[in-house]
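Peer 1: The structure under discussion is supplied below as structure tokens; questions concerning it will follow.
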Amino acid sequence: MTRFMCMHAFVGIIIAVALMQFTAAQTVHVVGDDMGWTIPSNVPSAYSTWAASKRFMVGDILVFNFTTNEHDVLQVPKLSFDACSGANPIGNMLTNGPANVTLNSTGEHYYICTIGQHCQLGQRLAITVSGASGSPFPAPSPTTNPTTPSPTSGTPADCTPSPTSGPTGSRPSAPNATPNSSSSAVFASLLLSVLAIVMGLIF
């Protein structure tokens, strides 16, 4: 019976960690925050300033908030970005707002609006995307600090999980994720707390 309870407690911990890692694995970035995707007013470098304070990882999502038919989003190589040209586009142009873009590769990514002189007036974005860390799980964002919970007080000492390998921490893409990235950390913490209470009541 004790071994059975140990196994259930260990499985519960693994599930909790996996769910927490899944939630924290991707971050949703609303481009420009409240400004949205538009022509910056009097600040041509507004998007450079916005991007400088962010950390972009593979699997993260960019949300371009704009009004359909007033703006668009096109990913281009650096030469086209510097020239504010739609030449040699990468992927399809996004014309319906808001538009979600999942970052699926590392390196420099460049986005422009091709309508009129919007790009020349500052409606363009350059970001650097990093890959996952060398650890089995991706590094958490600065606002998230997930930890592996210890077994509940009612679990015998011999139930301490052995250092077996857990689930791999790939960074899933979430095209339907909500733009509020902070809600992911809150949800993960709440889920972990509820799971710990349930395990404590059962075991």
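Derivation of every value follows stated rules applied to the coordinates shown; laboratory data play no part. Note that this is a predicted model, so its numbers are computed, not measured. Using ideal geometry, Cβ is built from the backbone for each residue, glycine included, and neighbour counts are taken over all protein chains shown.
Peer 1: Zone of Asn88 (label point 7 Å along Cα→Cβ, backbone N under 13 Å): which residues in the range 99-124?
Peer 2: Hits in the range 99-124 for Asn88 at 13 Å: 110.
Peer 1: Moving to a separate point now. Is the shape of the range 18-106 rounded, prolate or oblate, going by the alpha carbon gyration tensor and its root eigenvalues a ≥ b ≥ c, with a/c under 1.5 for rounded and a/b larger than b/c for prolate? Working shown, then result.
Peer 2: Working: a/c = 1.65, a/b = 1.44, b/c = 1.14.
Because a/c hits 1.5 or more and a/b exceeds b/c, the range 18-106 counts as prolate.
Peer 1: Which of Pro44, Thr102, Ile127 sits closest to the plus end of the dipole of the range 28-130, meaning its Cα is farthest towards the positive end, when Lys and Arg get +1 and Asp and Glu get -1 on the C-beta?
Peer 2: Ile127
Peer 1: How many nm is it between the label spots at Asp34 and Glu108, if each spot is 7 Å from the Cα in line with the beta carbon?
Peer 2: Output for this residue pair reads 3.2 nm.
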